[in-house]
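Working notes, structure below.
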Protein chains: 2
Amino acid sequence: MRTILLTNDDGVTRPGLWALYEELTRLGEVVVVAPESARSATGMSITLHKPLRVKKILVKGRRAYSCSGTPSDCVIIALRTILKNTRPALVVSGINEGNNVSLQAVYGSGTVAAAVRAALMGIPAAAFSLAFRENTPVNPSWLRRAMPIAAKRSAEIVERLLEMNLPRGVDYLNVNFPPDVGPDTPVKITRAARTRYEEVVEERRDPRFKKYYWLHGRLHELEPGTDAYEVLAAGNISITPMKVDASVTDPVASEMLARVFAAVQE
Amino acid sequence: MRTILLTNDDGVTRPGLWALYEELTRLGEVVVVAPESARSATGMSITLHKPLRVKKILVKGRRAYSCSGTPSDCVIIALRTILKNTRPALVVSGINEGNNVSLQAVYGSGTVAAAVRAALMGIPAAAFSLAFRENTPVNPSWLRRAMPIAAKRSAEIVERLLEMNLPRGVDYLNVNFPPDVGPDTPVKITRAARTRYEEVVEERRDPRFKKYYWLHGRLHELEPGTDAYEVLAAGNISITPMKVDASVTDPVASEMLARVFAAVQE
């Protein structure tokens, strides 16, 4: 029976992970190895300077491994120690509470980082995230309702992924669900938006009249065809095919740079 | 006079930043905005949940802005607040103490993250890192000797960058110096190695006989043409042209995925 490794960055007890677990058990043996608590925005960090602990735990009667490290650590520990002689067919990360659209997510999100780590270790992977409604406090009852639907739609995607190979040059998929995801929400193949937000810096004064700054973002006008537009503006499911290698190997660019920087050596 | 924004992830007082500063002042007005202390492996994190402080400080008589956030925060604060109406010609990050070769660095390094952030905000950028000797404790006197040489070679590269536009499709450069960098060390245009290390998990027992794990890495055999090989094995200077967009826009891949996942909607 094939094995699916499941992780996340919100923590091993979160509903998004277990909604996905329920659906994925129909497709294979699901092994859960996830951070013991929230590790959002830890990116690709690996814990090298302190030892890691792994605990076997039960979450509502279901077995899981809880790890003191980051999502990236979880993938390494799972592939090298827990699964040892079993190569998983797929590494699945999510479902994240909140969207992971745009390149900001690709470089910053722990959910996506787990997929990148798996891809670097040669295993196909998919990251799943559920967008919240913009400018609305998160409503736990909405989360309980939306996560199982997002999980069903995730499992449909995973089922097809298990039947095929990713296209040449694609290492992992970054999947985002709109807040109102339903059984019939269309799926779009997208590209990553460069940014979702224009960075804004707000200057304030503390009670002692010293300056401090808050960073936040002002939503850009979103471009059709990008993950940000399809999920946040059009309300579709976005699948963005991703590769891990962002170096430019175009020979024209390389030769131009070689010509320019050859001069550095004179 | 053109402006160069200089930042790093080791902290505003580190010798790598100031060695670079000394060389870059000959090429333009250098504005230093850097983290108040080491922010290694913070990747692309942005500080949204707490306010940021920025201090004007003097480091050996030279003016700098010290920021309580990450390298990515520093770039945002600099471009939006400190430089306000001045668009820098280039954002320079470094010189990092330790190499930033391979895709692991691209996703995890704070030094590279500053360049990615600048590129996302539309400013060309370059990240500079000096590799340490493998398996040797860092020797401060070596650092004091090697940094000024790496800084001279960095300035030669920056000088050419200021005279040209980056080739189409290239957003920033990731530059690494070998530990023995000298005035005549050759420059190679490379691609990023996928990984430098094979991830190793070592299992140990604590004094109470409970298991714990250390993560470390075993050096791969390095592939010629990659940044890791050129810097660590061949002893050359590596310049890797990078783009920020890692989504796959190849129409063949997109159409294949659209065909497969269209079925999800039935």
Query - the range A:1-137 shape via C-alpha gyration tensor axes, a/c threshold 1.5 - result: rounded
Query raised in the report: How many nm is it between the label spots at residue A:134 and residue A:63, if each spot is 7 Å from the Cα in line with the beta carbon?
Result: 4.5
Query raised in the report: Percent antiparallel among DSSP beta bridges with both residues in chain B, to the nearest 5?
Result: 45
Requested in this report: Can you check what the net charge comes to around residue B:20, using other residues whose Cβ is under 15 Å from the Cβ of residue B:20 (Lys, Arg +1; Asp, Glu -1)?
Outcome: -1
Query - Gained length - residue B:184 relative to residue B:218, 0.36 nm times residue gap less alpha-carbon distance - result: 9.2 nm
Query raised in the report: Which aspartates and glutamates does residue B:211 reach when only Cα atoms under 14 Å apart count, and residues fewer than 8 places away in its own chain are ignored?
Result: B:202, B:203
Query - Assigned charges on the beta-carbon of Lys, Arg, Asp, Glu; chain B dipole about Cα centre (debye) - result: 1160
Report task. Determine the shielding of peptide B:155-163 by partner chains: average, over its residues, the number of Cβ atoms on other chains within 10 angstrom of each Cβ. Result -> 2
**Report entry** Mean ellipticity per residue at 222 nm, deg cm²/dmol - from DSSP H runs of n ≥ 4 across chain A, formula -39500 (n - 2.57)
**Finding:** -8500 deg cm²/dmol
**Report entry** Environment charge of residue A:76, counting only residues whose C-beta is closer than 11 Å and scoring Lys/Arg +1, Asp/Glu -1
**Finding:** -1
**Report entry** lysines whose Cα lies under 27 Å from that of residue A:152, excluding same-chain neighbours fewer than 8 positions away
**Finding:** A:56, A:60, A:188, A:243
Query raised in the report: Roughly what would the spin-label model give for residue A:55 and residue A:250, points 7 Å off Cα along C-beta, in nm?
Result: 5.1
Requested in this report: Please work out whether chain A counts as rounded, prolate or oblate from its C-alpha gyration tensor, where a ≥ b ≥ c are the square roots of the eigenvalues and a/c under 1.5 means rounded, while otherwise a/b larger than b/c means prolate and anything else oblate?
Outcome: rounded
Report task. Report relative contact order for chain A in percent, whole number only (criteria: Cα-Cα under 8 Å, sequence separation at least 6). Result -> 17
Requested in this report: Sticking with the crude label model, points 7 Å out along Cα→Cβ, report the distance from residue B:1 to residue A:206 in nm, one decimal please.
Outcome: 3.3
Query raised in the report: For the protein assembly as shown, what class follows from the C-alpha gyration tensor (a ≥ b ≥ c being the square roots of its eigenvalues): rounded when a/c is under 1.5, otherwise prolate if a/b is larger than b/c, else oblate?
Result: prolate
Report task. Report the local net charge at residue A:167: Lys and Arg +1, Asp and Glu -1, summed over other residues whose C-beta lies under 13 Å from its C-beta. Result -> +1
**Report entry** Inter-chain Cβ neighbour average for residues B:107-118, partner chain, 10 Å
**Finding:** 3
Query raised in the report: If we sort A:110-116, A:217-223 on the protection proxy, mean other Cβ atoms within 10 Å, highest first, what's the order?
Result: A:110-116, A:217-223
Report summary line: Rounded to a whole number, the mean other protein chain Cβ count within 10 angstrom for residues of A:180-190 is 3
Query - the range B:28-123: trypsin sites (Lys or Arg not before Pro) in DSSP loop, at most 14 other beta carbons within 10 Å - result: B:60, B:84
Requested in this report: Distance between Cα centroids, the range B:185-234 to the range A:22-91: provide it in whole Å.
Outcome: 21
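Read-outs throughout are calculated quantities, based only on the coordinates presented, and are distinct from any laboratory measurement. Since we're looking at a predicted model, the values are computed, not measured. So basically every Cβ, Gly included, is an ideal-geometry build from the backbone, and we count neighbours across all protein chains shown.
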